Every structure is written in structure tokens, then in C-alpha cells.
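Student: Once you've had a glance at the structure underneath, I'll fire off some questions.
What follows is calculated from the coordinates using simple rules that are stated; it is not laboratory data. These numbers were taken from a predicted model, which means no experiment stands behind them. Cβ atoms come from the backbone with ideal geometry, glycine included; neighbour counts cover every protein chain shown.
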Amino acid sequence: MSERARQLAVGGAYAFTTPAFPDDRGVFLSPYQRAVFVEALGHPLFPVAQCSYSVSRRGVVRGVHYTATPPGCAKYVYCPRGRVLDIVVDLRVGSPTFGVHDAVELAGPDFPAVYLPVGVGHAFVALEDETVMTYLLSTEYRPENELAVAALDPALELPIPRDLTPVLSDRDRRAVTLSEALARGLLPSYEAALAIRPGR
């Protein structure tokens with residue numbers, strides 16, 4: 001595997017580092033490079049159905065978001081401005097890493113990016129004002145398919161910095177706990193998630 005790719009604790013999720021080329025004008029970098037991705041995962045990134053970005057102030061917590069499976073949604077995310085703690089959570093019932101999370105700080109000098117396979121939940125904490133996150137998505141956003149688990153659920157033990165006061169949307173404040181989502185049958189199954197193979 002390329003030294004620029006690192007498998008995370010959540011099965012199928014990867015972090016990628018991005019060489020940056022600074023000069024007196026600024027900096028140039030490529031957050032996604034096909035050859036590096038293929039070497040790590042064995043296939044190229046999914047066909048991009050939607051590209052989105054968010055701007056957040058320090059303390060904003062977004063997530064834990066995921067898409068009903070099917071249709072499912074794989075994501076490739078990076079932070080072109082500011083600094084975030086990006087968090088992946090395995091929500092796939094039956095997965096060997098179900099309930100496990102991992103976190104990557106997305107900031108310079110390596111400008112990491114994170115790949116989240118179908119069925120894996122995504123959250124992040126903005127560590128600076130005016131932080132921008134960019135998302136490449138394998139499916140288009142459909143409100144009826146979008147679900148959330150509470151990022152502040154004590155059972156998840158997500159590494160939200162203690163020196164921040166979390167700022168959440170109404171939707172994320174109302175999100176159910178992991179145990180509630182499991183009891184209500186809202187979580188994707190590992191088998192269903194693996195059957196959806198964007199990019200292959």
C-alpha cells in the first residue's frame with residue numbers, strides 16, 4: 001500500500017495524505033489522486049454524483065450522518081481551509097468493527113483526506129472559525145434518505161475536544177442514540193453496505 005494511504009480502525013475507511021507544493025504565491029495540492037486510491041482500495045473513486053461543501057465556525061459539530069442503505073452513499077472528504085477533527089463511525093450492523101470510531105485531523109501540512117465506504121457514519125468538529133469541508137458523494141442528497149446518530153451519545157465516546165462548547169443543528173440535537181437506532185432498525189446492515197460497490 002502507498003505510504004500516502006492509511007487504513008483506519010473502521011473497516012474499509014482510509015485516510016490519505018496529500019503532498020503540498022508551497023511557493024511565494026501560495027500552495028498547490030491535489031486532494032485526490034486516482035493511482036494512490038486504486039493502490040489502496042483496488043478500484044478508483046466512485047463516479048461523483050454530487051460535490052458539496054460546508055463552512056463552520058469553531059465548535060460546530062456536524063454528524064454523525066449516514067444514508068439509508070440502499071441506496072447508501074460513499075464519501076470522500078477533505079478540508080481545504082481551516083482545521084477539523086474528522087470522525088468515522090462504523091454503523092453497519094454485523095460489521096467486525098461495528099460501533100468502532102476513528103478520527104483524523106484534517107489540516108496542513110499534509111492536507112489529509114478521508115474515504116468513507118457505504119454504511120459508515122461521518123461527523124466532524126470544526127477546530128477553527130471559517131473552516132471549509134468539501135464532500136465528494138457517490139449519490140445525490142435526498143432528504144428522505146439522510147439519517148443521523150447523536151454525536152454526543154456517551155456510548156460512542158467520540159473524541160470531541162473538551163475545550164469546545166459543541167454547536168449542533170436542531171436535526172443533530174434531535175438525533176437518536178446508537179442503541180435507539182439499532183433497536184428501531186435504522187442502521188444499515190454490513191451485507192447490504194458491502195453489496196453496494198460504488199466505483200466498481
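Student: What percent do you get for the relative contact order of segment 123-183 when only Cα pairs under 8 Å and 6+ apart count?
Tutor: Relative contact order for segment 123-183 comes out at 40 percent.
Student: State, to one decimal in nm, how far the label point of Ser54 lies from the label point of Gln33, with both points 7 Å from Cα in the Cβ direction.
Tutor: So the two model labels end up 2.9 nm from each other.
Student: Relative contact order for segment 5-195 using alpha-carbon pairs under 8 Å, separation at least 6, rounded to a whole percent? Could you put the intermediate results ahead of the total?
Tutor: On the way: 434 pairs, mean separation 57.0, N = 191.
This gives 30 percent for segment 5-195.
Student: Show that you can apply the helix-only estimate: for the chain, add -39,500 (n - 2.57) for every DSSP H stretch of four or more residues, divide by all residues, and state [θ] at 222 nm to the nearest 500.
Tutor: Per the formula, -2500 deg cm²/dmol.
Student: With a ≥ b ≥ c the root eigenvalues of the C-alpha gyration tensor of segment 34-129, is it rounded (a/c under 1.5), prolate (a/b larger than b/c) or oblate?
Tutor: oblate
Student: Something else now. If packing is taken as the mean number of other Cβ atoms within 10 Å per residue, what is the order of 101-107, 120-126, highest first?
Tutor: Most protected by this proxy first, the peptides run 120-126, 101-107.
Student: Calculate log10 I(q)/I(0) of segment 119-162 for q = 0.32 Å⁻¹, where I(q) comes from the Debye formula with a single equal point scatterer on each Cα and nothing for solvent.
Tutor: Log-scaled intensity ratios, in q order: -1.24.
Student: How would you rank 76-84, 163-171, highest first, on the average number of other Cβ atoms within 10 Å across their residues? It would help to have the intermediate numbers written out before the result.
Tutor: Values: 76-84: 20.3, 163-171: 11.6.
Put in order of decreasing packing, that is 76-84, 163-171.
Student: Could you give the dipole magnitude of segment 78-200 about its Cα centre, charging the beta-carbon of Lys and Arg +1 and that of Asp and Glu -1, in debye to the nearest 20?
Tutor: Around 360 debye, computed over segment 78-200.
Student: Would you be so kind as to identify which of Pro166, Leu91, Ser189 lies farthest towards the positive end of the dipole of the chain, taking Lys and Arg as +1 and Asp and Glu as -1 on Cβ and the Cα centre as origin?
Tutor: Of Pro166, Leu91, Ser189, it is Ser189.
Student: How would you classify segment 118-200 from its alpha-carbon gyration tensor, with a ≥ b ≥ c the square roots of the eigenvalues: rounded for a/c under 1.5, else prolate if a/b is greater than b/c, otherwise oblate?
Tutor: The shape class here is oblate.
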